[in-house]
Amino acid sequence: MAKLESLTPNIMVKDVNATLDYYATKLGFTLIDTNPESGEYEWGYVMLDNVGMMFQEEKSLKTEYKEMASLKIGGALTFYIRVKDINKYFNQLPKEVNIIKPMNRTFYGTNEFAIMDLNGFILTFSETPE
């Protein structure tokens, strides 16, 4: 039987350059790859530890997948990211980051907070205390 090894979302955005800059400068991600290599990007890939995210310009993604032609940027979803030492990560975020759910202890026992990125996507960061 096949074994799934990872999941890296490819997210439709208006401005790949601005998105990559936000994830690198505000959230601490590292730029891994872009297309093209410089200038106005139509696609880019960032990672922070084991979490990778790809961002693709709207027209480019809709050209690649004609099934997306009528879809808008955004979605009814959140990205749930597990973190080690969540307080350290939370405390290093710049004040410009839009924290929409402050650090809290959930009913299921995790410490979590959520942000909304510059594209309107929600990222929830979570740690299960040891």
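The values are calculated or read from the model by the stated rules, or taken from the named source; none is laboratory data. Note that the coordinates shown come from a computational prediction; the quantities given were computed from them, not determined experimentally. Heads up, the Cβs are rebuilt from the backbone with ideal geometry, glycines too, and the neighbour counts pull from every protein chain shown.
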Q: Would you be able to say whether some residue in the stretch 101-114 is assigned to a helix (DSSP H, G or I) and under 24 Å from ASN10 (Cα atoms)?
A: no
Q. Would you pick out the residues in the stretch 1-54 that are assigned to a loop (DSSP other than H, G, I, E, B), under 11 Å from the mean Cα position of the chain (by Cα) and among the hydroxyl-bearing types (Ser, Thr, Tyr)?
A. THR8
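Regarding ILE86, is this residue hydrophobic (A, V, I, L, M, F, W, C) and closer than 27 Å to GLU130 by Cβ? Quick ask: steps written out before the conclusion?
Details: hydrophobic (A, V, I, L, M, F, W, C): yes; closer than 27 Å to GLU130 by Cβ: yes.
It is true that ILE86 is hydrophobic (A, V, I, L, M, F, W, C) and closer than 27 Å to GLU130 by Cβ.
Quick grid of which residues meet (1) at pLDDT 95 or above; (2) closer than 30 Å to PRO129 by Cα:
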{"position": "LYS14", "(1), (2)": "yes, no"}
{"position": "THR19", "(1), (2)": "yes, no"}
{"position": "GLU37", "(1), (2)": "yes, no"}
{"position": "LYS59", "(1), (2)": "yes, no"}
{"position": "LYS62", "(1), (2)": "yes, no"}
{"position": "LYS72", "(1), (2)": "no, no"}
{"position": "ARG105", "(1), (2)": "yes, yes"}
(Q) Taking the criterion of being more than 22 Å from MET12 (Cα to Cα), out of contact with any Ser or Thr (no Cβ under 6 Å at 6 or more places or on another chain), surrounded by fewer than 16 Cβ atoms within 10 Å (Cβ to Cβ) and not aliphatic (A, V, I, L, M), would at least one residue in the stretch 120-129 satisfy it? (A) yes
Q. Among all residue pairs at least 6 apart or on different chains, which show Cβ distances below 6 Å where the first residue, located in the stretch 56-71, is hydroxyl-bearing (Ser, Thr, Tyr) and the second is at pLDDT 95 or above and surrounded by 13 or more Cβ atoms within 10 Å (Cβ to Cβ)?
A. SER60/GLU42
Q.
Which residue is nearest to the chain's Cα centre (by Cα), if the candidates are limited to the stretch 55-71 and must be buried (at least 16 other Cβ atoms within 10 Å of the Cβ) and not in a helix (DSSP H, G or I)?
A. PHE55
Q. Are any residues in the stretch 21-54 crowded, with 16+ Cβ neighbours inside 10 Å and farther than 23 Å from LYS84 by Cα, and if so, which ones?
A. THR34, TYR41, GLU42, TRP43, GLY44
